[in-house]
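K.L.:
What follows is a single structure, and I will ask about it in a moment.
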Amino acid sequence: MDPAVIAALISTPVALVAAGAAYAAGRTQSRGAHGGPVDSVRRAAQREAYAGVLHEAQDLATHIGPIASAAEQYQVVRRLGMDPLASDETSAEQAREALSNLPVSDLSKAVAVVRLEGPDHLADLANQLLHDALTLHASCERHLSPYRNILGGPHALPGHERRLAATTEKFIVAARSHLNRPGFEL
């Protein structure tokens, strides 16, 4: 056989393999070029969502702390069988008003954004954070109510406050871990 024909027969499969490899490399590179900016935007959206939940949870905890203290003091007076003094009633009324003005709905909105942005484990922690905040809020309402005996038994406010703080810390650690891991994945 002619050496030119042999060279043509040998180079054809090699050229086909090289063309296939070049095609695959080009597709991979184009996916990376498109995915990089999308990943950056997604990461920024998640970071904002997580920061929103953290801000609202810490804001709620800061404002509900004094309310919880007033509720505890009000219940101590009542538990001792003493009639609350006018100042105790005034403090309780002020605490009830402050409690009604707490922006719990802001935390709820921030949690909804995290539920949309994901991932699931952070959405679950955000839901737990909202649940703990709502439980603490309801417990404060019960402690401040003059009808507490009708509304239910004792609910330890310090336990609810600690649970909210612990869940907030878990959320911070999980969000930080998710956002700062190498090769950020959606």
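The values are calculated or read from the model by the stated rules, or taken from the named source; none is laboratory data. Fair warning: this is a prediction, and the values are worked out from it, not measured in the lab. Quick reminder, even Gly has a Cβ in these numbers, built from the backbone with ideal geometry, and neighbours come from all protein chains shown.
K.L.:
Look at HIS121 and say whether it is touching a helix residue (DSSP H, G or I) at 6+ places or on another chain (Cβ under 8 Å), assigned to a helix (DSSP H, G or I), surrounded by fewer than 15 Cβ atoms within 10 Å (Cβ to Cβ) and at pLDDT 75 or above.
P.N.:
Yes.
K.L.:
Just one of the numbered conditions (1) under 18 Å from the mean Cα position of the chain (by Cα); (2) not in a helix (DSSP H, G or I) is not true of LEU102; which one?
P.N.:
Single failed check for LEU102: (1).
K.L.:
Sticking with this one: Would you call GLU97 in a helix (DSSP H, G or I) and modelled with pLDDT of 85 or more?
P.N.:
Spelling it out, it is not the case that GLU97 is in a helix (DSSP H, G or I) and modelled with pLDDT of 85 or more.
K.L.:
Starting from residues that are modelled with pLDDT under 60 and exposed (fewer than 11 other Cβ atoms within 10 Å of the Cβ), keep the ones in the stretch 149-182 and report whichever is nearest to GLU48 (Cα to Cα).
P.N.:
GLY153
K.L.:
Next up: For the subset of the stretch 124-148 comprising residues that are of a type in the set (D, E, K, R) and surrounded by 15 or more Cβ atoms within 10 Å (Cβ to Cβ), which member is farthest from LYS170 (Cα to Cα)?
P.N.:
ARG148
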